[in-house]
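The values are calculated or read from the model by the stated rules, or taken from the named source; none is laboratory data. Predicted model only: the values in this text are computed from it and were never measured. Cβ placement follows ideal geometry from the backbone for every residue including glycine, while neighbour counts extend to all protein chains displayed. Surface accessibility is based on the protein's heavy atoms, side chains included, excluding ligands, DNA and RNA. Shrake-Rupley method; radii C 1.70, N 1.55, O 1.52, S 1.80 Å.
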Amino acid sequence: MKLHAMYWSATGTTRKVVREIANVLSAHLGGKVTVHDFTPPEAREAAYSFGKDDLVVFGTPVYAGRVPNVLLPFLKTIAGGGALAVPVVLFGNRNFDDGLIELCGLLEADGFHTIAGAAFVGEHAFSRTLAAGRPDADDLAEARDFAVRIAEKLTHGEGLDTPVAVRGETPLRPYYTPRDRAGQPVNILKVKPKTDPAKCDGCGKCAAVCPMGSIDPGDFRTVKGICIKCCACEKTCPTGAKYFDDPGYLYHKRELELGFARRAENETFL
Ligand SMILES: Cc1cc2nc3c(=O)[nH]c(=O)nc-3n(C[C@H](O)[C@H](O)[C@H](O)COP(=O)(O)O)c2cc1C
């Protein structure tokens, strides 16, 4: 069985968990892990196809309770070819809602066969306090334990006939909508990060990590394309020059930090 770790991960939390699971699977099943990181825009221009000898640990974050919608056109192009898949979503301590069940359905529709699934917690993209530092050592231990149970399931060959059943609803519920104090929807779709010119030293790391390729390489202060609020630029900037000042966005961020401060649990399905 050829092992693959395939993921989109703007701030690196999905990457950590997917790679941990794939590495432990390779230790148990043998063989090297091939990594397919489709975070950079150019990586989503390539064609990906798999076959019956492949096992793919496949990860995306949860955005608004679902698979990030900007990834859907690309995800639909992948040819599963009967490969086994382990869908994994990463959520920022609120809830994964229908993100995992949606990813399972997308992979099944691509021709993968899903044999296990998981939702893990990672530091919220918007925040440095919400699930700060997660996935942490305990989360990664759970990821390793999950991988061991997948390896056992494969070795025993039991329960492999039907797609994995995970928590979530079908038909999929609408995207999660943040609300303001008056209960009105907060629309952050058009919000973009700003740059403090006094702090920006022009290193260009923000443009290099933007998964939408939206930061102008000729002027790092300009976001010329769409912003999905992944916060990779803000979290990567070595001088703290990137920031958001939209009142609706900041209200939603604070509301999440206050309302979802408890330690959310990872959930695994086999
Ligand atoms: C636009 C946006 C929407 C998000 N929506 C949710 C959500 O509905 N529930 C949740 O728990 N976390 C949510 N998060 C947090 C992400 O799931 C979390 O930061 C994830 O770990 C990021 O993955 P990455 O580090 O691999 O990029 C959201 C993050 C962003 C940027």
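Brief remarks on what is shown
- Residues that are open to solvent by 40 Å² or more (accessible area, probe 1.4 Å), under 17 Å from Thr268 (Cα atoms) and within 18 Å of the chain's Cα centre (by Cα) were ranked within region 106-143; the one that is nearest to the ligand (Cβ to nearest atom) is Asp136.
- Matching residues, region 235-248, being in contact (Cβ under 8 Å) with a residue 12 or more places away in the chain and over 17 Å from Pro68 (Cβ atoms): Thr236, Cys237, Pro238, Thr239, Gly240, Ala241, Lys242, Tyr243, Phe244, Asp245, Asp246, Gly248
- Meets criteria (in contact with a Lys or Arg (Cβ under 7 Å, 6 or more places away or on another chain) and either buried (at least 22 other Cβ atoms within 10 Å of the Cβ) or in contact (Cβ under 8 Å) with a residue 12 or more places away in the chain (or both)) for Gly82: yes
Results for (1) away from the ligand (no atom under 13 Å from the Cβ); (2) over 17 Å from Tyr7 (Cβ atoms), shown as yes or no for each residue.
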residue	(1), (2)
Ala64	no, yes
Leu71	no, no
Val86	yes, no
Ile101	yes, yes
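- Here Gly183 clears all of (1) assigned by TED's automatic domain parsing to the domain that holds Gly65; (2) at pLDDT below 95 except the condition numbered (1).
- For region 168-205, the set of residues classified as loosely packed, with under 15 Cβ neighbours inside 10 Å, of a type in the set (Ser, Thr, Tyr) and within 22 Å of Ala232 (Cβ to Cβ) consists of Tyr175 only.
- Qualifying positions in region 63-79 - in contact with a strand residue (DSSP E or B) (Cβ under 9 Å, 6 or more places away or on another chain) and open to solvent by less than 20 Å² (accessible area, probe 1.4 Å): Gly65, Val67, Pro68, Leu71, Leu75, Ile78
- Residue under evaluation Ile215, criteria (1) within 13 Å of the ligand (Cβ to nearest atom); (2) aliphatic (A, V, I, L, M); (3) touching a strand residue (DSSP E or B) at 6+ places or on another chain (Cβ under 7 Å), criterion not met: (1)
- Number of positions in region 166-225 that are of a type in the set (A, V, I, L, M, F, W, C), assigned to a loop (DSSP other than H, G, I, E, B) and closer than 23 Å to Thr11 by Cβ: 9
- Residue match in region 146-165 (condition: assigned to a loop (DSSP other than H, G, I, E, B), of a type in the set (S, T, N, Q) and touching a residue at least 40 places away in the same chain (Cβ under 8 Å)): no
- Looking only at residues in region 1-20 that are more than 14 Å from the ligand (Cβ to nearest atom) and not basic (Lys, Arg), the one that is most open to solvent (accessible area, probe 1.4 Å) is Met1.
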